[in-house]
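**Student:** Quick one: the structure is below, and I'll ask about it shortly.
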Amino acid sequence: MSMYKDYEKQIDIATFDSLQEEIHTGFSEALPLAIEGTWSRQYTNNLQTSQPLGIKLISHAMEEFTALPDSSLIKQTGLELYDSNRSQFTTYLKIAMQAYDPYRYYPILNNALSTYFPNVLKWVNGLDVFSSVDNVTFIVCEHNGITWERKELDCPSDFLYIRPNLEKPTYLWDPVNKTRTYINSRAAHWDNKCWFGGDKIIRQSYALRIDGTFK
């Protein structure tokens, strides 16, 4: 299994640390614009997981919700929420359809979310390791979130996975030898063919993923 590469000393991590107030405020103020869970069927098809038995992803719960008869009170109430507030609807879907997904995504490049994270984007655009940047996404995980091993099947080969700290252990998983290699770097890159996962912690955590082309 390929090991990860440590980029922490190759980027301006100190400036990233100084942007935490903007990041935390942005998460709160931009919550209605965030993508709750793995909504996209395209994303689900592009993801290979070892999720535990009995766990139902948001995308699967949505399929079951859509298949409910129009006379269903669950469906009628849910559609009202869907039209008014996507975030509230997701909470409803998790309760009514017993869905589980610990993630919330903030894709902040070239969209309405950009205005909440202007200095983050300025910092990203100034990173010397990239010749171009294609996607910038915050990935927020709920406290005690079960983050089972997964592998993206069509992931860009050049990316950085950046964290504000190492409190949430993140690792690369070797399914053959059943071993973990923990990523002890706040800014790392690894082979996109690797499985990766994370351990639980008792509070929310987040990571910033930047996709682009390395110099």
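The values are calculated or read from the model by the stated rules, or taken from the named source; none is laboratory data. As the structure is a computational prediction, the values presented were derived from the model and not from experiment. Note: ideal-geometry Cβ built from the backbone for every residue, glycine included; neighbour counts use all protein chains shown.
**Student:** Tell me the residue from Leu172, Leu208 that is closer than 11 Å to Glu149 by Cβ, touching a residue at least 60 places away in the same chain (Cβ under 8 Å) and assigned to a strand (DSSP E or B), please. Walk me through it before giving the result.
**Tutor:** On the way: Leu208 fails: closer than 11 Å to Glu149 by Cβ.
Step by step, each of Leu172, Leu208 is checked, and only Leu172 is closer than 11 Å to Glu149 by Cβ, touching a residue at least 60 places away in the same chain (Cβ under 8 Å) and assigned to a strand (DSSP E or B).
**Student:** Moving to a separate point now. Output the number of residues of segment 143-195 satisfying the condition of being over 17 Å from the mean Cα position of the chain (by Cα), of a type in the set (Ser, Thr, Tyr) and more than 22 Å from Thr213 (Cβ to Cβ).
**Tutor:** Residues in segment 143-195 being over 17 Å from the mean Cα position of the chain (by Cα), of a type in the set (Ser, Thr, Tyr) and more than 22 Å from Thr213 (Cβ to Cβ): 3 in total.
**Student:** Counting only residues that are charged (D, E, K, R) and either within 21 Å of Ile13 (Cβ to Cβ) or touching a Lys or Arg at 6+ places or on another chain (Cβ under 6 Å) (or both), how many does segment 176-194 have? Don't jump to the end; show me each part of the working.
**Tutor:** We begin by selecting, within segment 176-194, every residue charged (D, E, K, R); these are 178, 180, 186, 191, 193.
Still in the running and either within 21 Å of Ile13 (Cβ to Cβ) or touching a Lys or Arg at 6+ places or on another chain (Cβ under 6 Å) (or both): 186.
Final tally of qualifying residues: 1.
**Student:** In the set Ser84, Ser114, which member is surrounded by fewer than 12 Cβ atoms within 10 Å (Cβ to Cβ) and under 27 Å from Gly26 (Cα atoms)?
**Tutor:** Values: Ser114 fails: surrounded by fewer than 12 Cβ atoms within 10 Å (Cβ to Cβ).
It is Ser84.
**Student:** Any idea which of (1) surrounded by 19 or more Cβ atoms within 10 Å (Cβ to Cβ); (2) under 17 Å from Glu8 (Cα atoms); (3) touching a Pro at 6+ places or on another chain (Cβ under 8 Å); (4) not small (Gly, Ala, Ser) is the one Val136 doesn't satisfy?
**Tutor:** With (1) surrounded by 19 or more Cβ atoms within 10 Å (Cβ to Cβ); (2) under 17 Å from Glu8 (Cα atoms); (3) touching a Pro at 6+ places or on another chain (Cβ under 8 Å); (4) not small (Gly, Ala, Ser) applied to Val136, the lone miss is (2).
**Student:** Just to confirm my filter: which helices (runs of 4 or more DSSP H) fall fully inside segment 71-141 and include at least 2 residues that are at pLDDT 90 or above and farther than 20 Å from Ile210 by Cα? Before you say what the answer is, go through the steps one by one.
**Tutor:** Values: elements: 73-84, 86-96, 118-125.
Output list reads 73-84, 86-96.
**Student:** Take segment 142-169 and flag every residue that is among the hydrophobic types (A, V, I, L, M, F, W, C) and either part of a loop (DSSP other than H, G, I, E, B) or without any contact (Cβ under 8 Å) to a residue 40 or more places away in the chain (or both).
**Tutor:** Going residue by residue through segment 142-169, those that are among the hydrophobic types (A, V, I, L, M, F, W, C) are 146, 148, 153, 155, 159-160, 162, 166.
Ile146, Leu153, Cys155, Leu166, listed by residue number.
**Student:** Would you please name the residue that is modelled with the lowest pLDDT, looking only at residues in segment 150-165 that are of a type in the set (D, E, K, R) and within 16 Å of Ala207 (Cβ to Cβ)?
**Tutor:** Taking segment 150-165 as the starting set, the residues that turn out to be of a type in the set (D, E, K, R) are 150-152, 154, 158, 163.
Retained after the next criterion (residues that are within 16 Å of Ala207 (Cβ to Cβ)): 150, 152, 163.
Values: Arg150: 76, Glu152: 69, Arg163: 98.
Across segment 150-165, the extreme among qualifying residues is Glu152.
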